[in-house]
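Below is one structure; the comments refer to it alone.
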Amino acid sequence: MSLRRVLASPGWAEHVRLVAGAAGLDRPLATVQATLDASHDPVPDELVVVVRPVAGTDWQIDALLRRCADAGATGVLLPGVEPLAASRLLADRLAVPLLNTEASPLDLVVEARLLLAAPELARADLVLATHRALGDRPRPPEEVVAVLRRLLRSPVAVLDDRGAPLAGELAEAGRIRLGEPVPQRIALDDGVLLAHPALAVWLAVELRGTEAARADVVPPALAVAAGAVQRWLLANRLELERDARSRTALLGDLLRLDTEPGADLRRRVADAGWRLGGWHVGLHIGVSASVDTVARTQEVVRALRAEDVDAVVVEHGDGWTGWVTFDQEPTAERVRSLASRLQAAHRALRLGAHMGVGRPHPRPDGLAATVAEASDAARLAATRPETGHFLHVDQLGMAQLLLEWTRTDTFEPAARALVAPLREAPGDLVRTLASYLDAESSIAETATVLGVHRNTVAARIARIEQLLGVDLSRPDERLALHLASRAVILSDP
């Protein structure tokens, strides 16, 4: 064991100050010897603890430092004295740590000897202290971070699955290997970074300076704290899912309304803090099936609020359905401003999402209408990389009518049969065909949308005409293939 490790123990870290000789902190320490004065003759690997106060001008301090250096002793601890600058310089030159304390030297001797005799007790004490401080009930990340920061005297943070802090701050959080959900120990320039997984988050601590010497003691306590975070996550998840089911069921009841809502439904809406009166503008955000919509709801809400959009957001369908309510019919300018802010929020989400926005509609029945429009726009936005996968229903025009037609039970099988040869060939020919027809047969624009060379697009179009036996310059064939390719893309996951 080293002197640095002893200095990191709770009593020593609180009451002992390093005055000089920092270069010798990693000297080996085998025993701690209490002596009445500075006349003691040290032995190798011994920390000399002077019990009686010594005058700061006493030449015996310098003599003791020299004897420690000659004998290979570990260091010197003096009670209640501030050595002269000359003594500090001598300790630095000899690399013999010179320590100072205002606490009882004998208490420190007992703690140090106990640590030397049974170092595993320090680990057990820290685990027990962590367990007592956190208890058995679920604790939010902020409380866990506060407890660990106090016990470890070091920066602590809870990080999400992308490394962003949920509570606390760490300077080196980016060093954690998020793709490896196992306890990690990462060497830093001046310390150690310890990280422990807890379901979908990480609990991490940076131990620097003398605290880095406790890197072998902290992991079990970190595991106990990670368990507390895990219990909170599970309890919070149950609550989130219960709330999500309640909101989704309430939204479903509203969207199925064909008459004025009854008293019970109005009460449930009021309890949820929703408004049925006024004018509503719907929105729908669609994501892939791999996205946990329940866990990410608050992220969506924060992104909207960051753009000053006060919207109701409900987990619904393939993502989230929401709406903004105005007291009066919004002007075209207010609607355009809202759409612009929604698009900015959509860009900030970075979930691979597609968003659609509906028109303003009044009253409860208008809520169902604008949400339906937003869902239609979102379905089309999923196939429109050129618009950033964002569409306002006013941008759709005839495409909205065609979308309804392509949903029929008879059209989709026919569409799949029509483009089947393309689906079996390499090169993503169905999407190439749809983008090419969207771009009004512009090979350059299609290449930009798909992110490929224009020669690649030209070769694919020629291959499409060959496989289907069609001439894409003929309007009837263009229209049929345009609808078919769109229907197939929309229906595919």
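Just the residues that are open to solvent by less than 50 Å² (accessible area, probe 1.4 Å), in a helix (DSSP H, G or I) and modelled with pLDDT of 85 or more, please, taken from segment 461-480. Quick ask: steps written out before the conclusion?
Residues of segment 461-480 that are open to solvent by less than 50 Å² (accessible area, probe 1.4 Å), as a first pass: 461, 464, 468, 470, 472, 477, 480.
Within this subset, residues satisfying the condition of being in a helix (DSSP H, G or I) are 461, 464, 468, 477, 480.
Within segment 461-480, I461, I464, L468 meet the criteria.
Just for segment 80-93: of the residues that are assigned to a helix (DSSP H, G or I) and small (G, A, S), which one is surrounded by the most Cβ atoms within 10 Å (Cβ to Cβ)? Explain how you work it out, then say what you get.
First pass over segment 80-93, keeping only residues assigned to a helix (DSSP H, G or I): 85-93.
Those still in the list that are small (G, A, S) too: 85-87, 91.
On the way: A85: 9, A86: 12, S87: 24, A91: 28.
In this case the residue turns out to be A91.
May I ask you to verify whether V96 is among the β-branched types (V, I, T) and exposed (fewer than 15 other Cβ atoms within 10 Å of the Cβ)? Before you say what the answer is, go through the steps one by one.
Values: among the β-branched types (V, I, T): yes; exposed (fewer than 15 other Cβ atoms within 10 Å of the Cβ): no.
When the stated conditions are applied, V96 does not pass them.
Quick one: is L283 in a strand (DSSP E or B) and surrounded by 18 or more Cβ atoms within 10 Å (Cβ to Cβ)? Before the answer, list the steps.
Numbers: in a strand (DSSP E or B): yes; surrounded by 18 or more Cβ atoms within 10 Å (Cβ to Cβ): yes.
Criteria met by L283.
Identify all residues within segment 1-40 that are open to solvent by less than 60 Å² (accessible area, probe 1.4 Å), assigned to a helix (DSSP H, G or I) and not basic (K, R); write none if there are none.
L3, V6, L7, G11, W12, A13, A22, G24
Within segment 266-280, which residues are open to solvent by 10 Å² or more (accessible area, probe 1.4 Å), on the phi < 0 side of the Ramachandran plot and either of a type outside the set (A, V, I, L, M) or in contact with a Ser or Thr (Cβ under 6 Å, 6 or more places away or on another chain) (or both)?
Of all residues in segment 266-280, those open to solvent by 10 Å² or more (accessible area, probe 1.4 Å) come to 266-268, 270-279.
After this cut, where a residue has to be on the phi < 0 side of the Ramachandran plot as well, the list is 266-268, 270-272, 274-277, 279.
Scanning segment 266-280 gives R266, R267, R268, D271, W274, R275, G277, W279.
Got a sec? Which of A228, A244 is over 27 Å from G322 (Cβ atoms), touching a residue at least 40 places away in the same chain (Cβ under 8 Å) and assigned to a helix (DSSP H, G or I)?
Going through A228, A244 in turn, the sole match is A228.
How many residues are open to solvent by 70 Å² or more (accessible area, probe 1.4 Å), free of Cβ contacts under 8 Å to residues at least 60 places away in the same chain and of a type in the set (A, V, I, L, M, F, W, C) if we restrict to segment 106-127?
Number of matching residues: 4.
Of the residues T456, T448, T406, T432, which is hydroxyl-bearing (S, T, Y) and modelled with pLDDT under 85?
Working: T456 fails: modelled with pLDDT under 85; T448 fails: modelled with pLDDT under 85; T432 fails: modelled with pLDDT under 85.
None of the other options fit; the residue is T406.
Given the criterion assigned to a helix (DSSP H, G or I) and at pLDDT 90 or above, identify the matching residue among R302, R359, R296.
Working: R359 fails: assigned to a helix (DSSP H, G or I); R296 fails: at pLDDT 90 or above.
Among R302, R359, R296, only R302 is assigned to a helix (DSSP H, G or I) and at pLDDT 90 or above.
Output the residue which, of all residues in segment 51-79 that are of a type in the set (V, I, T) and modelled with pLDDT of 90 or more, is surrounded by the fewest Cβ atoms within 10 Å (Cβ to Cβ). Quick ask: steps written out before the conclusion?
So in segment 51-79, the residues of a type in the set (V, I, T) come out as 51, 54, 57, 61, 74, 76.
When the remaining residues are screened for being modelled with pLDDT of 90 or more, the result is 74, 76.
Working: T74: 28, V76: 30.
It comes out as T74.
Give me the residue from segment 342-369 that is within 24 Å of T383 (Cβ to Cβ), touching a residue at least 12 places away in the same chain (Cβ under 8 Å) and not hydrophobic (A, V, I, L, M, F, W, C) and, out of that set, most open to solvent (accessible area, probe 1.4 Å).
Once the filter is applied, the top-ranked residue is R347.
Could you tell me whether segment 200-207 includes any residue that is in a strand (DSSP E or B) and acidic (D, E)? I'd like the intermediate steps shown before the answer.
Step one: of segment 200-207, the residues in a strand (DSSP E or B) are 201-207.
Add one more test, that the residue is acidic (D, E), and what stays is 206.
Yes, segment 200-207 contains at least one residue that is in a strand (DSSP E or B) and acidic (D, E).
Restricting to segment 142-165, give me the number of residues that are touching a helix residue (DSSP H, G or I) at 6+ places or on another chain (Cβ under 9 Å), in a helix (DSSP H, G or I) and open to solvent by 10 Å² or more (accessible area, probe 1.4 Å).
Result for segment 142-165: 4.
Report, ordered by the first and then the second residue, all pairs with beta carbons closer than 7 Å, sequence separation of six or more or different chains, a first member in segment 316-335 that is in contact (Cβ under 8 Å) with a residue 60 or more places away in the chain, and a second member that is not in a strand (DSSP E or B).
H316/T248; H316/L251; T321/L251; T321/V371
State all residues of segment 440-450 that are within 15 Å of T387 (Cβ to Cβ) and either among the hydrophobic types (A, V, I, L, M, F, W, C) or surrounded by fewer than 17 Cβ atoms within 10 Å (Cβ to Cβ) (or both); if no residue qualifies, say none.
Result: T448, V449, L450.
If I filter segment 225-240 down to residues being touching a helix residue (DSSP H, G or I) at 6+ places or on another chain (Cβ under 6 Å) and surrounded by 20 or more Cβ atoms within 10 Å (Cβ to Cβ), which single residue comes out as nearest to E14 (Cα to Cα)?
Within segment 225-240, the first condition is being touching a helix residue (DSSP H, G or I) at 6+ places or on another chain (Cβ under 6 Å), and the residues that meet it are 225, 228-229, 240.
Next, only the ones that are surrounded by 20 or more Cβ atoms within 10 Å (Cβ to Cβ) stay: 225, 228-229.
On the way: A225: 23, A228: 27, V229: 28 Å.
Result: A225.
I'd like the full set of residues that are over 55 Å from the mean Cα position of the chain (by Cα), part of a loop (DSSP other than H, G, I, E, B) and not polar (S, T, N, Q), limited to segment 56-77. Show your work before the answer.
Step one: list which residues in segment 56-77 are over 55 Å from the mean Cα position of the chain (by Cα), which gives 57-60, 63.
Remaining after also requiring part of a loop (DSSP other than H, G, I, E, B): 57-58.
Selection gives D58 alone.
Scan segment 41-50 residue by residue and report those that are surrounded by fewer than 18 Cβ atoms within 10 Å (Cβ to Cβ) and touching a helix residue (DSSP H, G or I) at 6+ places or on another chain (Cβ under 9 Å). Show your work before the answer.
Let us first name the residues in segment 41-50 that are surrounded by fewer than 18 Cβ atoms within 10 Å (Cβ to Cβ), namely 41, 43-45.
Across segment 41-50, the qualifying residues are D41, V43, P44.
The values are calculated or read from the model by the stated rules, or taken from the named source; none is laboratory data. Computed from a prediction, not measured in an experiment: that's the story for all the values here. Positions of Cβ are generated from backbone atoms using ideal geometry, with glycine treated the same way; all protein chains shown enter the neighbour counts. Only protein heavy atoms, including side chains, enter the accessible area calculation; ligands, DNA and RNA are left aside. Shrake-Rupley method; radii C 1.70, N 1.55, O 1.52, S 1.80 Å.
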